[in-house]
Amino acid sequence: MKKRYVIIFGIILLSLIPILLFINVEILKGYLLLIFLIALIIISLFFIIDIQAIAPNEVKDRHTVIEMQYHNRKIFILKPKSELVSNNIILYLHGGSYVVETSYKHWKFLEDIVADTGMTLILPDYPLTPKHTYKDVFEMIEPLYKDILKNIGDKNLILMGDSAGGGMALGLLEKITSKKEKTPIKTILLSPWLDVSLTNPKITKELQAKDPTLIKDVLKLAGKAYAGQDGMENYLVNPIIGPIKNIRNLTIYTGTYDILNPDAHKFLERAKKENVEIDFRETKKAIHIWMTYRDKKEYASEETYQDILNLLKEVNEKSEA
């Protein structure tokens, strides 16, 4: 069973515990207590088990997939089996609310990117919460970023991320720009999660009703676990508050039916006040990471996917000029 479904199932079961206070039937109380204990055990396991991603066989059949160990975690390197047509490398940080490994939908989206651009893509299987926090994640992805730069240089590196991975990518970009270190030629954020507190008053019940993929209260639990005891005020957790004055070449994709959309706008407004230029691409009535739902015509997914491809091709032309 996928980790996300187990966690949701466990949360649902835990939420049943208040019912025990209002039920007089002893046998039913016993059953509910048993269910509660099972749910508690299931959720507790995720503080012990270290979930790691596995590349689907279909992806291995269509692409060259190299699996390596890095800081005691896996990284996957995807290359087209045909001859490479680009020297650019994409460092991609996947989403999943910090708790879920790379999903099949992510793998399909990423293998399409590799096939359609001829670029190499590096996918780190970063540590997941609740066992790990943002500190463990950045202890992996920051050295990885720097090691990639040593090998290829900043002119050929593209940083990408979606959802939680989009937040990580922006946090990483803020950290390296604040230190005036070498930056990627382009950073692309897809439906980024920029503030795990989700306290923006524009994240209304009406907006939540339009978002079929994200649940605010569940996300807040995941965000708190990712932040750990001291991370809620840290921009690596909430990049919406991070240093941005040195940021360049940043593109953000966001949809208006995504509960993370208001914080994307909040970040954009802050950037305007600080005279930081951001390429902000918003799609009306688009849900969270809609560009990965290419079979759903109602979300303009294919159009956005092609726009991302065109952006990557533009970057490729600039890097080769």
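Here are the numbers:
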| read-out | value |
| --- | --- |
| Those residues of the stretch 77-106 which are among the aromatic types (Phe, Trp, Tyr) and crowded, with 22+ Cβ neighbours inside 10 Å, in sequence order | 92, 98 |
| Residue identified as in contact with a helix residue (DSSP H, G or I) (Cβ under 9 Å, 6 or more places away or on another chain) and in the same structural domain as residue 92 (by TED's automatic domain parsing) among 153, 161 | 161 |
| Pick from the stretch 165-180, criterion in contact (Cβ under 8 Å) with a residue 12 or more places away in the chain and more than 18 Å from residue 251 (Cβ to Cβ), ranking: surrounded by the most Cβ atoms within 10 Å (Cβ to Cβ) | 175 |
| Filter pass, residue 250 being out of contact with any Pro (no Cβ under 9 Å at 6 or more places or on another chain), in the same structural domain as residue 111 (by TED's automatic domain parsing), crowded, with 21+ Cβ neighbours inside 10 Å and within 23 Å of residue 171 (Cβ to Cβ) | yes |
| Test: residue in the stretch 73-82 that is closer than 18 Å to residue 213 by Cβ and either in contact with a Pro (Cβ under 8 Å, 6 or more places away or on another chain) or assigned by TED's automatic domain parsing to the domain that holds residue 290 (or both) | no |
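To keep it simple, each residue is scored yes or no on (1) of a type outside the set (Gly, Ala, Ser); (2) touching a residue at least 24 places away in the same chain (Cβ under 8 Å); (3) surrounded by 13 or more Cβ atoms within 10 Å (Cβ to Cβ); (4) in contact with a strand residue (DSSP E or B) (Cβ under 7 Å, 6 or more places away or on another chain).
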site	(1), (2), (3), (4)
263	yes, yes, yes, no
267	yes, yes, yes, no
270	yes, yes, yes, no
273	yes, no, no, no
283	yes, yes, yes, yes
289	yes, yes, yes, yes
297	yes, no, no, no
302	yes, no, yes, no
309	yes, yes, yes, no
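The values are calculated or read from the model by the stated rules, or taken from the named source; none is laboratory data. On a predicted model such as this, the values are computed, not experimentally measured, just so you know. Glycine also receives a Cβ, built like all others from the backbone with ideal geometry; neighbour counts cover every protein chain displayed.
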